[in-house]
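Notes follow once the structure below has been shown.
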Amino acid sequence: MADKAKVAIFLSGRGSNMAALLYASRLPDAAYEVVLVAANDPEAEGLALAVAEGVATFARSHKGMTRADHDAAMGRAARDAGADYIVLAGYMRILTDAFAASWEGRMLNIHPSLLPKYPGLDTHQRAIDAGDSHGGVSVHLVTPELDAGEVLGQMQVAIRKGETADSLAERVRYAEHQLYPRVVNDYLCRENDPAFLLEKVRELALALPQSHERESHGSPGWRAGSEKSGKYFAYFNDQHHGSEHIAVLVKAGSIDELFDLVEAQPQAYFKPAYYGASGWLGVILNRPGLDWDHVADWLKRSWRSVAPKSATKLIDAAEQF
Ligand code: GRF
């Protein structure tokens, strides 16, 4: 199994979700480990539990600090602990856009409603007042807009007759403790799952005009142009020739560009065996927080370098708008 993903948990209060995440991480086959529990309140109950369980902690009160400085201090603590991901578990701070953007794809949150219903506070009371049959909980990716990132998982909780916000909150909490560790684990696994990565690349490659898939030496590849005379612009590469990478190979502009990229960003690029010699660059997919827009840009660039004029014209026209 690949190395476990390293997770920092941020909280502000009692930390029951943190406890659920921590104990789940200690099950056999868990995909992640908790390297830090951090809080914006040095008195947060969750910190004491983390200490007792031998997990590193960090506390920095936000009082007297700007939001940006406080975010930066928390982020630094996460990075210093070696965290690739931040998991928010009852962290009662609104994050700056810049901070959310810098951890995009690597920060998850749990919210006690069935999003997109009831972002923000008082979720249980709002669900009861609206006469909803169910409340519930959502785990989502964090983006600059509050409670608006992609929902990764949800669980419904029935609203009973005479339900109060407190009684509902208590049952939602049980659901949270089941859902959160599972969703975190699945999310972290999918980043190393060749089937998931292939599907994403396929979707992006086939979205380009006049492209089609054709296998090459046992690997999926994508060509631009007609079935008859098309040219390859990408290959999927799953740990080929002893490489630990799952990657998509795209055409670099030149061998020099290829070497420069590999040297400057070895975590993102590599020179694949055999293909590298003819200018194919390996874009590594199995890494934390991969930016899929970046992969899409590379595919488009590579596609452009081989696509027939009739097809590139289409894209040029579309991009004018
Ligand atoms: C949970 O209800 C969670 O949904 C919300 O904050 C609460 C945290 O509770 N974001 P705990 O500190 O994990 O017990």
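The values are calculated or read from the model by the stated rules, or taken from the named source; none is laboratory data. Treat the numbers as computed from the prediction; the structure is a model and nothing was measured. Positions of Cβ are backbone-derived with ideal geometry, glycine not excepted, and every protein chain shown enters the neighbour counts. To get the accessible areas, we keep the full protein, side chains included, count just its heavy atoms, and leave off ligands, DNA and RNA. Shrake-Rupley method; radii C 1.70, N 1.55, O 1.52, S 1.80 Å.
Being touching a helix residue (DSSP H, G or I) at 6+ places or on another chain (Cβ under 9 Å), without any contact (Cβ under 8 Å) to a residue 60 or more places away in the chain and within 11 Å of the ligand (Cβ to nearest atom) holds for only one residue in Leu11, Leu49, and it is Leu49. Of all positions in the range 127-140, at least one carries a residue that is closer than 30 Å to Arg287 by Cα and aliphatic (A, V, I, L, M).
I need the full set of residues from the range 258-268 which are touching a residue at least 12 places away in the same chain (Cβ under 8 Å) and open to solvent by 50 Å² or more (accessible area, probe 1.4 Å), in order please. Listed by number, the residues that qualify are Phe259, Gln267. Considering the range 202-321, the qualifying helices (runs of 4 or more DSSP H), each wholly inside and each with 1 or more residues that are within 23 Å of the chain's Cα centre (by Cα) and modelled with pLDDT under 95, run over 292-306. Inspect all residues belonging to the range 269-290 and state whether any of them is within 27 Å of Lys4 (Cα to Cα), of a type in the set (D, E, K, R), outside the structural domain of Ala83 (by TED's automatic domain parsing) and loosely packed, with under 13 Cβ neighbours inside 10 Å. Taking every residue of the range 269-290 in turn, none turns out to be within 27 Å of Lys4 (Cα to Cα), of a type in the set (D, E, K, R), outside the structural domain of Ala83 (by TED's automatic domain parsing) and loosely packed, with under 13 Cβ neighbours inside 10 Å. Counting residues in the range 62-76 that are in contact (Cβ under 8 Å) with a residue 40 or more places away in the chain and at positive phi gives zero. None of Ala73, Ala175, Ala101 is modelled with pLDDT of 95 or more and either more than 12 Å from the ligand (Cβ to nearest atom) or open to solvent by 50 Å² or more (accessible area, probe 1.4 Å) (or both) except Ala73. Listed by first and then second residue, the pairs with beta-carbon distance under 6 Å, at least 6 apart or on different chains, first residue in the range 295-321 and assigned by TED's automatic domain parsing to the domain that holds Tyr232 and over 26 Å from Gly105 (Cβ atoms), second open to solvent by 90 Å² or more (accessible area, probe 1.4 Å) and not β-branched (Val, Ile, Thr), are Val306/Lys231.
Among the criteria (1) within 14 Å of Tyr85 (Cα to Cα); (2) within 16 Å of the ligand (Cβ to nearest atom); (3) not basic (Lys, Arg), the one Val35 does not fulfil is (2).
Could you tell me whether His124 is assigned to a helix (DSSP H, G or I), on the phi < 0 side of the Ramachandran plot and within 16 Å of the ligand (Cβ to nearest atom)? Taking the combined requirement at face value, the residue satisfies it.
With the structure loaded, tell me whether Ala81 is out of contact with any Pro (no Cβ under 7 Å at 6 or more places or on another chain) and in contact (Cβ under 8 Å) with a residue 60 or more places away in the chain or whether it fails that test. Yes; evaluated as a whole, the condition is true for this residue. A residue that is in a loop (DSSP other than H, G, I, E, B), among the small types (Gly, Ala, Ser) and closer than 22 Å to Asn109 by Cβ occurs somewhere in the range 148-156.
Residue count for the range 11-34, restricted to those that are crowded, with 21+ Cβ neighbours inside 10 Å and within 15 Å of Ala78 (Cβ to Cβ): 5. The one condition from (1) touching a strand residue (DSSP E or B) at 6+ places or on another chain (Cβ under 8 Å); (2) of a type in the set (D, E, K, R); (3) open to solvent by 30 Å² or more (accessible area, probe 1.4 Å); (4) within 16 Å of the ligand (Cβ to nearest atom) that Asp186 does not meet is (4).
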